[in-house]
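*Asks:* Quick one: structure below, then a few questions.
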Amino acid sequence: MKSILLKSAAAAICLTLTGWAASAIAADSPSGILKEGGKLAIIGDSITEQKLYSNYIETYLRVCHPELKQNVCQFGWGGERASGYVSRMANDTLSWFKPDAATICYGMNDGRYTKITPEIEKAFEDPSIAALKKFNELGTKVVLGGPGAVDTKFFRPGTDMAAVYNDNLATLSGIAERIAKENGAIYVPLHKLMIDAMAKAKAANGADFPVCGTDGVHPGGDGHLVMAYAFLKGLGVSGDIASIEYNYKDSAASFSDGLKSVSVGKGSLEFESSRYPFCFFGNAKTPDTASMLPFIPFNEDLNRFVFKAKGLPWDKVKVTWGTASKDFSKDDLEKGINLAAEFVDANPFKDQFQKVAKAVADKQGFETIMIKSFFNNLPKLGNPEFRPTTDAFRDVTIAKRKEYLKAADDALVPVKSTIKLQKAE
């Protein structure tokens, strides 16, 4: 099976999500904008600088679709508004990185943590348009998110400000949707998605369950998974990670690209995979990635690691993958099960997945230092005599980043795992 990763991008696309149904953004969206060997910039304020959703996006692209060979750099800056990014983008993004694609997430600080006003609307809209126009000049395809949401429990508790400010952020999201359409960008409504996910998560886990952070603004892993989901869908990546088809009667199996057979026998097959499913951590009651799975179709839309089996002699089958076992009907296995969704807790890729994510975190941590301390502070020296030195220092930091890129590349190694099938008791 050859996964279809990218579709032809229209010149001007506005992609609107209206809910959590998979149909809200069609799987394998025709808006795919990532090109093989391309550069992706992840841009935003302190929520981006948390380096969580940016890590999830980059790790996903590395392990789920390594054939895309994406060079990802995060440009988060705490406390920033859209106007702040416009003032620095020529220096720290366009001067050296020159991305083919970018995600932009502003609005949280632009709303000024108060009731919406026409002045606030204009102060968000004008620089956002300016950023889109500059990226259009470069030929960069943009996924525009608008702001997320504040937590309905933890943002200024004891007041009605959570509702007031979420109304503000909803208005800014509407502006983002409109200007995306007008400027050929792809829009993903982070605010609505996070509001919907937060309502469902709090209904299931209690009002004290934080989705947009215990400070009311900065999400934990759960909220950041929503953000990663939205941007990955906007980028148009395929959810087809891997596919295995097994014939019990013939002791034969076929594997999709990126997977290689090691051994196939009666009721057992071992394979090696250079593509991983995305892995999740925590549990249903902790604000980490696993707790958000009931409320967003991440596995259904983006993380399909499918196993099909036919010729089985039993109506009920025990499937063991790695160290975990689950029972399935014969019919379910003939239709296909998503191993990534069925074996969340004991996924045999989790250990190596964590090593890749750690290497990505180290790289993105250096990128924060590089962008904030070096690229944006050195030009402030001003004196032309310093220019040769500052240019040389910039080159050194870019070279150092390449070392982090290589470490992340090296962390992605093939993983062997075994699937066993037997009659369920």
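Readers should treat all values here as calculations from the given coordinates under stated rules, not as data from a laboratory. As the structure is a prediction and not an experimental result, all values here were calculated from the model. Quick reminder, even Gly has a Cβ in these numbers, built from the backbone with ideal geometry, and neighbours come from all protein chains shown.
*Asks:* Can you give me the relative contact order of the stretch 22-235 as a percent, contacts being Cα pairs under 8 Å and 6 or more apart?
*Replies:* 23 percent.
*Asks:* Can I ask one more? Using Cα pairs closer than 8 Å and at least 6 residues apart in sequence, work out the relative contact order for the chain, in percent.
*Replies:* For the chain, the relative contact order is 18 percent.
*Asks:* Let me ask you something else. Please rank Ile47, Ile179, fewest neighbouring Cβ atoms within 10 Å first, as an exposure proxy.
*Replies:* Fewest to most other Cβ atoms nearby, the residues stand as Ile179, Ile47.
*Asks:* List every DSSP H helix in the chain whose Cα atoms extend 18 Å or more along the helix's own long axis and whose mean Kyte-Doolittle hydropathy is at least -0.5.
*Replies:* 118-138, 161-182, 190-205, 221-235
*Asks:* Distance check, please: which entries in Lys39/Lys402; Lys141/Lys406; Lys98/Lys402; Lys358/Lys406; Lys39/Lys192 exceed 19 angstrom between their Cα atoms?
*Replies:* In this structure, Lys141/Lys406; Lys39/Lys192 lie more than 19 Å apart at Cα.
*Asks:* Something else: Please report Met89, Met194 as a ranked list, fewest other C-beta atoms within 10 angstrom at the top and most at the bottom.
*Replies:* Fewest-to-most ranking of Met89, Met194: Met89, Met194.
*Asks:* Which of Phe278, Phe393, Phe255 moves most in a GNM of the chain, Cα contacts under 10 Å?
*Replies:* For the chain, modelled as a Gaussian network with Cα springs under 10 Å, the answer is Phe393.
*Asks:* So, with +1 on the Cβ of K and R and -1 on the Cβ of D and E, and no other charges, what is the size of the charge dipole of the chain about its Cα centre, to the nearest 20 debye?
*Replies:* 600
*Asks:* Can you sort Ile296, Ile33 from fewest to most other Cβ atoms within 10 Å of each residue's own Cβ?
*Replies:* Ranked by crowding around the Cβ, least crowded first: Ile296, Ile33.
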